[in-house]
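Encoded as structure tokens, the structure appears first; notes follow it.
The values are calculated or read from the model by the stated rules, or taken from the named source; none is laboratory data. Being a predicted model, the structure only gives us computed values, none of them experimental. Because the Cβ atoms are built from the backbone with ideal geometry, glycine has one as well, and the counts that use them run over all protein chains shown.
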Protein chains: 2
Amino acid sequence: MLKLHHAPNSRSGRIVWLLKELDMPFELNAMAFHPKDLKSDDHRARHPLGRVPVLEDGDVMIYESGAIMEYIMARYGDGGLKPAVDSPDFPAYLQWFHYSEGMVMPPINIIMVNTVLLPPDRRDENALNQAKRLLGKALAPINEALEGKEYLAGTFSAADIQLGHASIMSGRLGMIGDDMPNLAAYVERLQQRPACQEAFAA
Amino acid sequence: MLKLHHAPNSRSGRIVWLLKELDMPFELNAMAFHPKDLKSDDHRARHPLGRVPVLEDGDVMIYESGAIMEYIMARYGDGGLKPAVDSPDFPAYLQWFHYSEGMVMPPINIIMVNTVLLPPDRRDENALNQAKRLLGKALAPINEALEGKEYLAGTFSAADIQLGHASIMSGRLGMIGDDMPNLAAYVERLQQRPACQEAFAA
């Protein structure tokens, strides 16, 4: 059985979400989002930097959320969560899937580090403000792309998990303003999904 | 014919590299890495934030380097640059492909911003040093993974383009130290490839 090494409020929620959407059974190693778990020798043997998610599948050990999503869908079936290569939705699917780590997560990481993770005296106000500006800019094209649409690439897809998860995190950071109504409605729509709720509760 | 919107010393070099490895003809729109080109109305119509690469393929317009790599290989054939789904190299291929934007590029971006892109009086020394530490940590697992290996996932693959390009950039930033001999040799090896040389000259 697949074993997911997980911590709450992290990118490993994406994998929980995917597995629940696919109705696939899996074992969850629920760690604390804390160095005592993530930087333990056990976990560093899985990921040298002590990050999550890591997926274990028999002899296979794999990290990076985007890679794990692709791995699961390629080896076990995508359940219709990935458009066919010749589908007109295929380019948008790929683009928004990769946009999550390429554009949205880098400023989110900096905001997390300088609000929650570092003690107040080590936070960098300048870096924090720069990251907030950058995140606002990165979210605007998603809001535009969602004009008149429910999902990023046709019907609900894994791109809505990968970038939807980052969008939900952006909302929790207070970064989805009144000027982004499509994105706000999208985040609401995603959060109606039972698999999304289970992912954020895990 | 495919049309690549490109600027030198940017992620769009990855697409030049891939297309040259695949021996595919394409048209190059070579812009300057400067706001006058990248933030022009013409280019903002292709990418709302004025980034590169953007690939145009008839009616299709797609951005994000990882997405474009996947798009080209899926629609036009991967030329053996992507392991089959049932190959033992498949998980490592996916992991290292995604590791490029997930772990290596975020600190590279911050280093670029605070050394080359911002004027000296607006650079953030603290953010720069934090990014250098983070990049060093992110490169170490690649150095380890290359122990006794020529490439990241079996024979040369698109993961070696996506993460190899980021590794070469790291080397140019002086971030591959004597403690990472496998990574240094790997970067040398990649730079022997004519397609890599053409990509960095474009």
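Taken over segment A:121-141, residues that are surrounded by 21 or more Cβ atoms within 10 Å (Cβ to Cβ) and of a type in the set (Gly, Ala, Ser) amount to 3. Suppose we filter A:81, A:49 for residues that are at negative phi, at the interface with another protein chain (Cβ under 8 Å from one of its Cβ atoms) and touching a helix residue (DSSP H, G or I) at 6+ places or on another chain (Cβ under 7 Å); which single one remains? Among A:81, A:49, only A:49 is at negative phi, at the interface with another protein chain (Cβ under 8 Å from one of its Cβ atoms) and touching a helix residue (DSSP H, G or I) at 6+ places or on another chain (Cβ under 7 Å).
Residues that are crowded, with 20+ Cβ neighbours inside 10 Å and within 15 Å of the chain's Cα centre (by Cα) within segment B:11-39 comprise B:11, B:12, B:13, B:14, B:15, B:16, B:17, B:18, B:19, B:21, listed in sequence order. Sort out which residues of segment A:11-33 are farther than 17 Å from residue A:70 by Cβ, assigned to a loop (DSSP other than H, G, I, E, B) and not acidic (Asp, Glu), and write them in order of number. Residues satisfying the conditions are A:25, A:31, A:32, A:33. One residue stands out in segment B:142-192 among those that are touching a Pro at 6+ places or on another chain (Cβ under 8 Å) and within 23 Å of residue B:69 (Cα to Cα): the one that is surrounded by the fewest Cβ atoms within 10 Å (Cβ to Cβ), namely B:154.
Scanning segment A:175-201 for residues that are small (Gly, Ala, Ser) and part of a helix (DSSP H, G or I) yields A:184, A:185, A:195, A:199, A:201.
All of A:60, A:104, A:85 fail the test of being of a type in the set (A, V, I, L, M, F, W, C) and either closer than 20 Å to residue B:135 by Cα or surrounded by 16 or more Cβ atoms within 10 Å (Cβ to Cβ) (or both), apart from A:104. Segment A:73-166 holds helices (runs of 4 or more DSSP H) entirely within its bounds, and those carrying 2 or more residues that are modelled with pLDDT under 95, under 24 Å from residue B:105 (Cβ atoms) and over 18 Å from the mean Cα position of the chain (by Cα) map to A:125-145. Does residue B:36 count as outside the structural domain of residue B:151 (by TED's automatic domain parsing), of a type outside the set (A, V, I, L, M) and outside any helix (DSSP H, G or I)? No; evaluated as a whole, the condition is false for this residue.
Scanning segment B:60-81 for residues that are touching a residue at least 24 places away in the same chain (Cβ under 8 Å), farther than 12 Å from residue B:157 by Cα and not β-branched (Val, Ile, Thr) yields B:65, B:66, B:76, B:77.
Checked against (1) surrounded by fewer than 23 Cβ atoms within 10 Å (Cβ to Cβ); (2) in contact (Cβ under 8 Å) with a residue 12 or more places away in the chain; (3) more than 22 Å from residue A:63 (Cβ to Cβ), residue A:118 meets all criteria but (2).
Take the residues in segment A:131-148 that are free of Cβ contacts under 8 Å to residues at least 24 places away in the same chain and more than 8 Å from every other protein chain (Cβ to nearest Cβ); name whichever of them is nearest to residue B:130 (Cα to Cα). If we take residues in segment A:131-148 being free of Cβ contacts under 8 Å to residues at least 24 places away in the same chain and more than 8 Å from every other protein chain (Cβ to nearest Cβ), then A:133 is nearest to residue B:130 (Cα to Cα).
Can you confirm whether segment B:60-67 contains a residue that is in contact with a Gly (Cβ under 6 Å, 6 or more places away or on another chain) and facing chain A (nearest Cβ under 9 Å)? The answer is yes, given that some residue of segment B:60-67 is in contact with a Gly (Cβ under 6 Å, 6 or more places away or on another chain) and facing chain A (nearest Cβ under 9 Å).
Taking segment A:40-49 as the range and being surrounded by 18 or more Cβ atoms within 10 Å (Cβ to Cβ) and either without any contact (Cβ under 8 Å) to a residue 24 or more places away in the chain or in a loop (DSSP other than H, G, I, E, B) (or both) as the test, only A:47 passes.
For segment B:13-48, a residue qualifies if it is touching a Ser or Thr at 6+ places or on another chain (Cβ under 7 Å) and under 22 Å from residue A:92 (Cα atoms), and the qualifying residues are B:14, B:15. Only one entry in B:99, B:76 is hydroxyl-bearing (Ser, Thr, Tyr), facing chain A (nearest Cβ under 8 Å) and out of contact with any Lys or Arg (no Cβ under 9 Å at 6 or more places or on another chain), namely B:99.
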